[in-house]
1. Cβ-Cβ distance below 6 Å, separation of 6 or more or different chains: which pairs start in segment B:34-47 with a residue that is modelled with pLDDT of 90 or more and crowded, with 21+ Cβ neighbours inside 10 Å and end on one that is part of a loop (DSSP other than H, G, I, E, B) and β-branched (Val, Ile, Thr)?
2. If we keep just the residues of segment A:302-333 that are crowded, with 20+ Cβ neighbours inside 10 Å and away from chain B (no Cβ under 14 Å), which is farthest from A:Asn17 (Cα to Cα)?
3. With the condition kept exactly as written, say whether any residue in segment A:357-369 is closer than 14 Å to A:Ile28 by Cα and in the same structural domain as A:Met19 (by TED's automatic domain parsing).
4. Taking the condition closer than 30 Å to A:Cys156 by Cβ and aliphatic (A, V, I, L, M), does A:Ile227 pass?
5. Mind checking which residues of segment A:18-48 are in contact (Cβ under 8 Å) with a residue 12 or more places away in the chain and within 13 Å of chain B (Cβ to nearest Cβ)?
6. Return yes or no: is B:Val17 out of contact with any Gly (no Cβ under 9 Å at 6 or more places or on another chain), at pLDDT 95 or above and either assigned to a strand (DSSP E or B) or under 17 Å from B:Lys223 (Cβ atoms) (or both)?
7. Hey, can you tell me all the residues within segment A:187-231 that are farther than 29 Å from A:Asp164 by Cβ and crowded, with 16+ Cβ neighbours inside 10 Å?
8. Which one of the conditions (1) within 30 Å of A:Ile247 (Cβ to Cβ); (2) buried (at least 21 other Cβ atoms within 10 Å of the Cβ); (3) not hydroxyl-bearing (Ser, Thr, Tyr) does A:Met38 fail to meet, given that it meets all the rest?
Amino acid sequence: MNITNLFKIALKAIGANKMRSFLTMLGIIIGVSSVIIMLALGTGSKATIMQEIEGVDPGALNVIPGPSYEDIDGNWLPEYSQTITQADYQSILEKNKYLKAICPMVYTSGQFINGKNNHSGSVQGVNNEFLDINGLSISQGDMFTDPEVKGASKVCILGKTVVDKLFPNEADPIGAVIRINSIPVRVVGVLKSKGRTAFGQDQDDIVLMPYTTVMKRMISQDYFDMIYVAATSKEMASLAKQDLTEILRENHKLREGDIQDFRVNSLEEATSMVDSVMNVLTLLLSCIAGISLLVGGIGIMNIMYVSVTERTREIGLRMSVGARTVDIMSQFLIEAILISVTGGLIGVLIGSGISYLARFVLLNFTEYHILISVEPWTVLLSFAICTITGIFFGWYPAKKAANLDPIDALRYE
Amino acid sequence: MAQKPVIELEGIRRDFVVGEETVHALRGVSFTIHEGEFVTIMGTSGSGKSTLLNILGCLDTPTSGEYRLDGIPVRTMSKTQRAVLRNRKIGFVFQSYNLLAKTTAVENVELPLMYNSEVGSRERRERAVTALQRVGLGDRLNHKSNQMSGGQMQRVAIARALVNDPAVILADEATGNLDTRTSFEILVLFQQLHAEGRTIIFVTHNPEIAQYSTRTITLSDGKLREDRMNDTILNAADKLATLPVEEE
């Protein structure tokens, strides 16, 4: 019997028991749609996180004060926040071998006032290498200059959200003088918008000032909250990390076995960690979803056994008019595959539908901007799994049918 | 008879092992049926006639002895080879019709040709329609099996047995489920097919039917008890005319 006829028979058999076939498919539908959703969520989250660091220098590293939590059993002392000093910055500037940019950072929060508009947010005191290291750019005006940093000038760069709050009528902010914690500061530039992070944090709610200005005029702090650096290339990042560690250990007069009171993190380590965490998470979620596929497959097997028993006489008749073992086998296998693949198709549609609906809702109605996306390979994978499920779980019932004795089958009541 | 032999049985034995015991269902049966014969195989239950029918229909193989169907030795054939042989050489008619449920008459008749890859879909349809016209159901091609009477269903089954132009038609109690009048209608059809030169083997326990065939083979206890040519062959159409027409 040719394949077209086999498909016709299978379709007819499925059509003859529509409700039963649908209920059997339901297991596969739920399984496939959950696999699709989980993979869409997984790859979407990963893409979103990767997108956030897009533009950040691939060789970026940062030096942050304080030992790692494991080294101190979580007993954080206030002085741990103050271990990165001006002297450290100087040493890094003088001794580094693999860096192309260095930017110290101090952090504070402030009240920003422009006339009767006011807004509160964070202020990062940085130098003019900050933009390159973090993949930011100026959309209006200019970055403050090196002399302005050295001179602790009262200048600032505003993020888009701050501009919107302080200059609501689309007034030109460049050159305007606003008050930050009652200090008059001149706006010299506006940052290009970066939008929100996946977890809803507004990346445009930011004010940049020369670190010198923040340290001297605003918070009188003599240590740094962080030093951003960029290695000459991505490949150099680990060497740069080693180099930085050595410089700082020497500065801090640390000996072997002493608790290291600072940390150096590289972007590459962070991304590869995010990558592996997301992969494990995606795999885990998909496995859980895959279990429902397994249950669906067992449902198919069950119903195929019932179907074979119900149609014993039909099988006997087909054999008596000349159906070979392989004909009967194919007939039932194709029926199983058809149920499974149809279920898979519906599952893909539902899974994709829910994924894109979730994406739409997340982007438009919440602060969690996760770019959920259904990758073509996940659809192909689902179909492949469904076909395999159909063959695997249809095999034994089909074999049972094909191995029936035509004499007994014809006599079956 | 100068006709060529269609069925040749030589010393057919068939043993079944049931638990510890061996049941001898057939104990050496030999006979030859030639082309164009209408043979009734009779016997009480347990006489071995079902076993013989299964062997004749290539659904079963003998334990020993030789069976040649249309000159082809069957005993050593594989399951698949026998399936193909059934498809080309045998037309079955069963007591309970065995039509596919929710399937039209023409699709039921097409079934044997579906398993013959040499027949294309157009030829298949044409041959099925011709067969249905032959059994007088030309106007019911697309009736489904559950929309037909017993007699009509059996006619569809006979059309299905004719469609592959078999060497022999094997009918197993083909009138067993039908009322008297319908039974004779079916018998008339068999006699017509016989008149056209078809070889028919009709297995039954009803001695009345034997009177309408050309030859009667009687089995008992797995052996051939009687094999005789019928001198007077009754005409089923005459008998049918004497039967009262059922009121609607």
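The values are calculated or read from the model by the stated rules, or taken from the named source; none is laboratory data. Please read these numbers as outputs of a predicted model, since none were measured by experiment. Here the Cβ is made from the backbone with ideal geometry for all residues, glycine too, and neighbour counts use every protein chain on show.
1. Between residues of segment B:34-47 that are modelled with pLDDT of 90 or more and crowded, with 21+ Cβ neighbours inside 10 Å and residues that are part of a loop (DSSP other than H, G, I, E, B) and β-branched (Val, Ile, Thr), the close pairs are B:Glu37/B:Thr199; B:Glu37/B:Thr214; B:Phe38/B:Thr214.
2. A:Leu333
3. Filtering segment A:357-369 for residues closer than 14 Å to A:Ile28 by Cα gives none.
Taking every residue of segment A:357-369 in turn, none turns out to be closer than 14 Å to A:Ile28 by Cα and in the same structural domain as A:Met19 (by TED's automatic domain parsing).
4. Details: closer than 30 Å to A:Cys156 by Cβ: yes; aliphatic (A, V, I, L, M): yes.
The answer is yes for A:Ile227.
5. Once the filter is applied, which keeps residues that are in contact (Cβ under 8 Å) with a residue 12 or more places away in the chain and within 13 Å of chain B (Cβ to nearest Cβ), segment A:18-48 yields nothing.
6. Values: out of contact with any Gly (no Cβ under 9 Å at 6 or more places or on another chain): yes; at pLDDT 95 or above: no; either assigned to a strand (DSSP E or B) or under 17 Å from B:Lys223 (Cβ atoms) (or both): yes.
When the stated conditions are applied, B:Val17 does not pass them.
7. Let us first name the residues in segment A:187-231 that are farther than 29 Å from A:Asp164 by Cβ, namely A:216, A:220-224, A:227, A:229-231.
Those that are farther than 29 Å from A:Asp164 by Cβ and crowded, with 16+ Cβ neighbours inside 10 Å: A:Gln221, A:Tyr223, A:Phe224, A:Ile227, A:Val229, A:Ala230, A:Ala231.
8. Every listed condition holds for A:Met38 apart from (1).
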